[in-house]
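This report refers to the structure that appears directly beneath it.
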Amino acid sequence: MSFTLANEIIEELEHNGFEAYIVGGVVRDRLLERQTGDIDIATSAMPDEVQRIFSKTIPVGIEHGTVIVRHGNQSFEVTTFRTEGRYEDFRRPTEVHFHHSIEADLSRRDYTINALALDRYGSIIDPYGGQDDIKHNLLKAVGLPAERFKEDPLRMMRGIRFVSILGFEFEEETYSALVENAYLLKKISVERIRDEFEKMLCGEHCEHALDLLEKSKVNQHLPGGPFDLQIYLGKYRWGSLKSIEERWAAFLIRNSVEDANEWLRVWKLPNQVKAKTVLIVSLIQGLVDCASMLTIYKYGLDVLKSVLRVKRFLGDELELEEEDLETLHTQLPIKNRSELAMDGNDLQRFLKRNPGPWIAEYIEQIERGVIEGKIENTPSGVKEWIEEWQQPQGKD
Ligand code: ATP
Ligand code: MG
């Protein structure tokens, strides 16, 4: 993401008589010298004026004041300074009010560390002491914490994920408001909670975030709950996990969740993520031997590398490394059933038998034999094995 391109957009808005700033998480991440996501811009220009000034725009949320501006092949969300009106049903604000001042816009933001704006000369606008809170690793709500959490309870989950990602702590009053208002999370859709929870699972300080979930009793109000968490500060290295499936698997196993599939169904995970997570969990709980050729053939490298990482995360001392798996994988005689030297038709011809369920049974045996190195994967190798295999059967 390019600050130079963002500043070119800001310059253009200023030439047209408007104010504009880089705002939100990206300013926070810059001060923390962290990699950052999308660059958001806030401006005094109304959405129709933004559309008039720039040639390539996408009206993604005009009613909330947001227009995407395409510039130098990148997308920038440009949002009119606004405050939010009442929230109905704890979803989205029912009305927004547009403003002329950046300060008003910053007042609607959740935490002081996110209520920062950056002008194109590098000066920071910081009406709530966000820079100071960044220095002290503090999460402090903008304004009255209890009111802000009542307005939008999702902010509590956002705070917990910032604990996990940034290693910050809740400031005292904000923490009290978290404890008091945790029950309001029941009003938030599973999908929105899940998205924040997954971001939490991706943080290096996830164990601290889980500890906070438990202490504040927020975990009693999450989907599928109430559930208890066992916390082992300092024991788990969440940063060593590589995919969301590995993180879910680690979370489920270490918290002794009995039915992983059901848990993930309640949390509305997409089917693919759910299936892969459940597979990782079941392979670990089934004590699968990752070094067996048959296992490598059947489940593939990707899933087994995940199994290794989660096992290591859970404290297993493994001799097998991810590179060993790769070496074993290259040694597989076939990677796929279609590579077998004889297929169903060949078998029928060779054995002069009519088609039937016997074919699948034979193929499965041959496949297993080839993978385990007991059958040579050539037509003559397979035929030799069939002849031997049929002998004892014929005698029965
Ligand atoms: P990330 O690094 O994950 O993008 P972020 O803080 O930038 O974190 P976004 O969801 O991109 O989070 O939101 C951008 C900004 O919008 C935030 O920094 C914050 O100022 C504001 N914001 C987002 N969600 C809320 C909310 N629920 N209530 C108040 N302000 C919010
Ligand atoms: Mg962001």
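The sole residue among Leu178, Leu139, Leu144 that is farther than 13 Å from Ile113 by Cα and buried (at least 17 other Cβ atoms within 10 Å of the Cβ) is Leu178. When the stretch 53-78 is filtered for residues that are free of Cβ contacts under 8 Å to residues at least 12 places away in the same chain, closer than 15 Å to Leu13 by Cβ and out of contact with any strand residue (DSSP E or B) (no Cβ under 8 Å at 6 or more places or on another chain), only Ser55 remains. Note on the stretch 53-66: among residues that are under 19 Å from Ala104 (Cβ atoms) and more than 16 Å from ligand 2 (Cβ to nearest atom), the one that is surrounded by the most Cβ atoms within 10 Å (Cβ to Cβ) is Gly65.
Going by what's in this entry, would Leu222 be described as over 24 Å from Asp302 (Cα atoms), surrounded by fewer than 19 Cβ atoms within 10 Å (Cβ to Cβ) and in the same structural domain as Arg158 (by TED's automatic domain parsing)? Judged against the criteria, Leu222 is not a match. I'd like to know if the stretch 210-218 contains one or more residues that are among the acidic types (Asp, Glu) and at pLDDT 95 or above. Scanning the stretch 210-218, I find no residue that is among the acidic types (Asp, Glu) and at pLDDT 95 or above, so the answer is no. Considering the stretch 107-117, and only residues there that are out of contact with any strand residue (DSSP E or B) (no Cβ under 6 Å at 6 or more places or on another chain) and either among the small types (Gly, Ala, Ser) or more than 13 Å from ligand 2 (Cβ to nearest atom) (or both), the residue that is nearest to Phe170 (Cα to Cα) turns out to be Thr112.
The set of residues from the stretch 101-139 being touching a Lys or Arg at 6+ places or on another chain (Cβ under 8 Å) and assigned to a strand (DSSP E or B) comprises Tyr111, Leu118. For the subset of the stretch 1-52 comprising residues that are farther than 27 Å from Ile134 by Cβ, of a type in the set (A, V, I, L, M) and free of Cβ contacts under 8 Å to residues at least 40 places away in the same chain, which member is farthest from ligand 2 (Cβ to nearest atom)? Applying the filter and picking the extreme gives Ala45. Of the residues in the stretch 160-169, at least one is touching a His at 6+ places or on another chain (Cβ under 7 Å), under 22 Å from Gly130 (Cα atoms) and buried (at least 21 other Cβ atoms within 10 Å of the Cβ). Among residues belonging to the stretch 153-173 that are touching a residue at least 60 places away in the same chain (Cβ under 8 Å) and more than 16 Å from ligand 2 (Cβ to nearest atom), point out the one that is nearest to Val218 (Cα to Cα). The extreme case among them is Met156. Here is a list of conditions, (1) of a type in the set (Val, Ile, Thr); (2) over 19 Å from Thr112 (Cβ atoms); (3) crowded, with 17+ Cβ neighbours inside 10 Å, and Ile134 meets all of them except one; can you say which number that is? The failed condition is (2).
The values are calculated or read from the model by the stated rules, or taken from the named source; none is laboratory data. All figures in this text were calculated on a predicted structure; none of them were measured in a lab. No Cβ is skipped: glycine too gets one built from the backbone with ideal geometry, and neighbour counts run over all protein chains shown.
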